[in-house]
Amino acid sequence: MVLVTLIFSQSTIMALSPSIAPCFSCKFSSKPPLSRQTYLKAKGKKMTTFNWTNPFSLLQLQCSPFLNSKWERGELKFGIRAAVTSEEYLLDGAIENSQLPRGDSWSVHKFGGTCVGTSERIRNVANVIIQDQSERKLVVVSAMSKVTDMMYDLIQKARSRDDSYLTALDAVLEKHKLTAIDLLDGDELASFLSRLHHDINNLKAMLRAIYIAGHATDSFSDFVAGHGELWSAQLLSSVVRMNGVESTWMDTREVLIVNPTGSNQVDPDYLKSGERLEKWYSKNPSMTIIATGFIASTPQNIPTTLKRDGSDFSAAIMGALFKARQVTIWTDVDGVYSADPRKVSEAVILKTLSYQEAWEMSYFGANVLHPRTIVPVMQYDIPIVIKNIFNLAAPGTMICRSTDNEYEDGQRSVFPVKGFATIDNLALVNVEGTGMTGVPGTASDIFAAVKDVGANVIMISQASSEHSVCFAVPEKEVKAVADVLESRFGQALSAGRLSQISVIPNCSILAAVGQRMASTPGVCATFFSALAKANINIRAIAQGCSEYNVTVVVKREECVRALRAVHSRFYLSRTTIGVGIIGPGLIGGTLLDQLKDQTAILKEKFNIDLRVMGIIGIDSMILSGSGIDLSRWKELLSQNREMPDLNKFVQHVGENHFIPNSVLVDCTADSHIASQYYDWLHRGIHVVTPNKKANSGPLDQYLKMRALQRQSYTHYFYEATVGAGLPIISTLRGLLETGDKILRIEGIFSGTLSYIFNNFMGTKAFSQVVKEAKEAGYTEPDPRDDLAGTDVARKVIVLARESGLELELSDIPVQSLVPEPLRATASAEDFLLQLPQFDQELSKQKQEAEDAGEVLRYVGAVDVVNGKGTVELRRYNKEHPFAQLSGSDNIIAFTTERYCKQPLIVRGPGAGAEVTAGGIFSDILRLASYLGAPS
C-alpha cells in the first residue's frame, strides 16, 4: 500500500475532502506527524520524500506519471492522514515589544485592475508610489484588468470538463509573461518568471483535479481566483525596486484573517490579523510594502477572498491595522459624482463626503466604494481619498468624518443633498390585509419566509396603520418570494386576514443622500416636488430617522428622468427642458431664432438649459436626441425628408428619459393640434402656446383641461393668446389671486384692427386702409379673417373664462366688418377689389364720430358683473386712452373694485412675430422658474 501523509488543518481537510474523495480512497486521521514532510511509502519501504511547500502539493502527486500509471493498473491505493498544526502561523506568545511602527507615518494606496491593466500603467503606478513623500507606504493592488474574470472562467471550464481550460490557462501565463518581459530584466525577471511558472504548474494540477471531480469547493475557487493579485503585487514590487526604492511584497493570506459569514461576506478578525502583521513585519521590515488585495485566509489557514470588488475593503482593513494617515483609492474617475454621469451629464465631482454619506451611496448602487470599505477606517478617523490615476491633477473626493460646519472652497456647502443613486431591476412586493393590524410577529414571519428563499430585501416600507408591508427585492428573486409568501400565508389569505400578496414588477429605487438633510427643513418637500413636477409617480417611500437618505421606488422606465429631475432641483445641475416646436412658420421661426441667440446666456447666467429636441412643420420634421443645432435649423429642416408624424414627434420630445422636463410649443392656429393639449398634459408634458383655439373652444373641453392642469404639476401657459407679448393673462391672474374682483375688461385686442382704425382718418377710405394694412403685413392672408372679428371674440372668451365666466364662443355677439355680400367671395383678391363698393357706411360712421370729437375703435369687452361679452365698433372721446393709440398697439383696461375710478391700463405692441415670439419665450422661462430654475 502506498501511503501519502499530508499536513493540513482539520478544517482544510473538511473543505478539500469533497473534491478529493471522487479521485482517491481517503482515510483521515488527526494523529500529528513528527515532521513537516510528506512521505511516500510502498510496501513499508520509504520511496520518496516531498518537502512541504504548498498546502496543495497533494494535487501534484495525483498527477505525477508514476502515480497515474500505478493508479491505472490498480496497483496503487491511497490513504491520506491529516494532522492539525498551527506551528507556522500561531504566535509563540504575545509580542510585547512591537517592531511595527503604526500611525501617521504610513499612507495606504490601493490600485484597481484598470490602474495595473498594462505594463505601461504599472510603470505609472510605480511612479506614483515613488513620488509619494510619505515616510512609509503600503500599496494594495488588484489583479491586472480582466484577470480575475479569466481565473473564474478557468474554474468554470474545469468544473464543466471543458478541455479548453488548458488553453485559457496558457493565455493567463502568456499575459503575465509578456508583461514581465516588458517591465523587468535581469534577476528580477528571472525570479518572477520562476515563481509564475511554479504557480501555473500548481494551478494546472488543481484544475486537473477539478476537471476529474467535476466539482470545486469554495476554497479551491478562492485559491485559484486569488493568483492574479499575487502576480500583480510581485510585478509592481519588482518595478519599484528597479527604480531604486526598497520594496517588499506581501501575500496578505499570511496576514489577513477573516471569518466567512452566511451572507457571502467575510468579517475581518483584527486581533489575529494584527498579531500576524506584527510577525510578518518582524521578518520583512520595509518602508514600501506592496500587498495583495482581495485575498485573505480563514482562521484555519484556508485561502479565501473578500468577495467581488474586495480590494477596496483590503486597503481599508490594512489602513486600520497600520492606523495610517490616509487611504487613497486610485481608480479611473476623477472622484465621486453627485449622480451617475452616464445618466446625468451635468453631475459634479463631490469634494467631500462623510463616512455615512459614502456608505449610503455605495449601498444604493453608486460607484463609490465597496460598501464595507468605510467600516475599518471610521474607528480611527482615517480619511479615504478617491483619485484618478489617469488625471493626477484632479483633487478627487475625500471621505472623512463630517463636522457640523462643512466648508468647500472656504464657503459653507449649500447642498443638503450630496448625491443621488439608483438601483434598477427590482420588484415591489406588497402584503396587505386588516388581519395584520396589531398582530405581533407578522412582519417577522414575512421576512423569515423571504430569508428562507435567500432573497435580498433592498428596501422596506410600512405604514403606521400596519395594514400593509411592502418591500423591494431583485426582480430575478421575486417569483420565489411571491411563491413562498403565498404558501406560508395560504391559510391567512383563505380566511381573509390577508387580502392580497401582490407583485409590482419593473421598478427602480432612487435615493437622495446627504448628512445635512436632517438639519435642513424642506428637503423632502423639495425632493417630492421635483418628482411631481417631472410627472413621476412614486410607488413606495422609505426614510430612516437619521435622515441620511430618502428612498423612493419608481417605475424603471421613469428612473433616469426622476434622477435628472431631483438632481437638477437641488442645483447640482442646470434646469434642463426638452422643447418641441410645432409650426416653424413666421412666429415659430422667430422663436427659434430668439432661442438660438439666448440659450448660451441662459445656461451660463441662469442655469437654464433649453434643448430643442424636435421641430415639426406641414411637410417635414426633424428630431434630435440631444438638441438641434439652432444655427442650422432651417437648413436641417429643409434637408430632412422625414414626413411629419405628430404622435411620433410628441413621443420623442415627451418621453426622453434623459431630460426630466419637456414642453411642446404650439405656434400654429390649428384647432386639431389644440385638441391634443389635454392628452399632452395628462402625459406630463408641459404646453406653451399662442394658439387661442383650446381656451376658446368647447367649454366642457376647456374646463376639463384646466381641472387637469390644477390637479397636476403639469403647466399650461398661454400668455400670447390675448396680447402677443403683453402681460394680459398674468396681470388678470395677479388681480384675481390677490383677492381683487374684476368688474369689466375692455380693450383693443387686434393689432390689425388697431392699425386700420388708427389710420382711418381724414379722407382715406376704409378699403384703402385695409389694402395698406395687408401690403404692410399686418393682416392675415385673407383680411376677412381679421375684419370678421372672430379673433377678437376668441380673446374675449379667453379673458371671460379666466375671470370665472362659463361662456361659449357662440354667446359672444360679434359685429363683423365684412359686408354681408362679400362674406362668400371666392378669394381675398376678389374681396379687396369689391370692398370699395361698401366704404360709404363706415365713412359715414367715421364722420359722425369726428363731428362729435370722437374716434372709432373696434373693441372687445367682458362684462363680468352681468356675465356677458361683446365685440363691436365703438366711439371714444379723443381724450380717452383708447383714442391715443398708434400703429398696431393693443390696449386693455381692467376695471376692478380696487381700480374702479381709474382702470388699470396695459398698453403696447399687440401684434407682430417678434413680440409674439417674445411672449412665448417668456412663458417658457416662466415654466423653467416653476421647475426650479433660480429666479
Pair list, Cβ under 7 Å, 6 or more apart: region 295-317 residue on the phi < 0 side of the Ramachandran plot, other residue acidic (Asp, Glu) and at pLDDT 90 or above = Ile295/Glu229; Pro299/Asp269; Pro303/Asp222; Thr304/Asp222; Thr305/Asp222
Which one is nearest to the chain's Cα centre (by Cα) among residues in region 518-548 that are at pLDDT 85 or above and not in a helix (DSSP H, G or I)?
-> Ile536
Residue list for region 686-704, filter: open to solvent by less than 10 Å² (accessible area, probe 1.4 Å) and free of Cβ contacts under 8 Å to residues at least 40 places away in the same chain = Val687, Asn691
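Each row is one residue, and each column tells you yes or no for (1) within 29 Å of Ala209 (Cα to Cα); (2) not hydrophobic (A, V, I, L, M, F, W, C).
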{"position": "Cys115", "(1), (2)": "no, no"}
{"position": "Ile129", "(1), (2)": "no, no"}
{"position": "Val139", "(1), (2)": "no, no"}
{"position": "Met150", "(1), (2)": "yes, no"}
{"position": "Val172", "(1), (2)": "yes, no"}
{"position": "His176", "(1), (2)": "yes, yes"}
{"position": "Asp182", "(1), (2)": "no, yes"}
{"position": "Asp187", "(1), (2)": "no, yes"}
{"position": "Ser191", "(1), (2)": "yes, yes"}
Only one of (1) assigned to a helix (DSSP H, G or I); (2) buried (at least 17 other Cβ atoms within 10 Å of the Cβ); (3) out of contact with any Phe, Trp or Tyr (no Cβ under 7 Å at 6 or more places or on another chain) fails for Thr304. Which number is that?
-> (1)
How about region 786-897: which helices (runs of 4 or more DSSP H) wholly inside it have at least 3 residues that are over 20 Å from Thr731 (Cα atoms) and open to solvent by 50 Å² or more (accessible area, probe 1.4 Å)?
-> 828-834, 839-851
Residue in region 340-355 that is part of a helix (DSSP H, G or I), closer than 23 Å to Asp267 by Cα and touching a helix residue (DSSP H, G or I) at 6+ places or on another chain (Cβ under 8 Å) present = yes
Listed by first then second residue, the pairs whose first member lies in region 474-493 and is open to solvent by 70 Å² or more (accessible area, probe 1.4 Å), whose partner is part of a helix (DSSP H, G or I) and modelled with pLDDT of 90 or more, with beta carbons under 8 Å and at least 6 positions apart or on separate chains, are Arg488/Ala449
Selection within region 229-270 - farther than 30 Å from Asn456 by Cα, open to solvent by less than 50 Å² (accessible area, probe 1.4 Å), assigned to a helix (DSSP H, G or I) and of a type outside the set (A, V, I, L, M, F, W, C) | Ser232, Gln234, Ser237, Ser238, Thr252
Counting only residues in region 366-388 that are closer than 26 Å to Thr575 by Cα and either acidic (Asp, Glu) or crowded, with 18+ Cβ neighbours inside 10 Å (or both), the one nearest to the chain's Cα centre (by Cα) is identified as Ala366
Do you know which residues across region 763-785 are at pLDDT 90 or above and crowded, with 24+ Cβ neighbours inside 10 Å?
-> Val770
Answer yes or no as to whether Ala512 is closer than 20 Å to Lys451 by Cβ and modelled with pLDDT of 90 or more.
-> no
Scanning for something in a helix (DSSP H, G or I) and closer than 21 Å to Asn127 by Cα, does region 191-205 turn up at least one residue?
-> yes
Which of the residues spanning region 645-664 are loosely packed, with under 14 Cβ neighbours inside 10 Å and not in a helix (DSSP H, G or I)?
-> Asp645
Name the residues in region 541-564 that are farther than 26 Å from Val687 by Cβ and buried (at least 21 other Cβ atoms within 10 Å of the Cβ), would you?
-> Tyr548, Asn549, Val550, Thr551, Val552, Val553
Where residues in region 898-924 are of a type outside the set (D, E, K, R) and in a strand (DSSP E or B), which of them is nearest to Asp597 (Cα to Cα)?
-> Pro909
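The values are calculated or read from the model by the stated rules, or taken from the named source; none is laboratory data. No experiment lies behind these values; they were computed from the predicted model shown. For neighbour counting, all protein chains shown are included, and Cβ atoms are generated from backbone atoms with ideal geometry for every residue, glycine included. Just the protein is used for accessible areas: all its heavy atoms, side chains included, with ligands, DNA and RNA removed. Shrake-Rupley method; radii C 1.70, N 1.55, O 1.52, S 1.80 Å.
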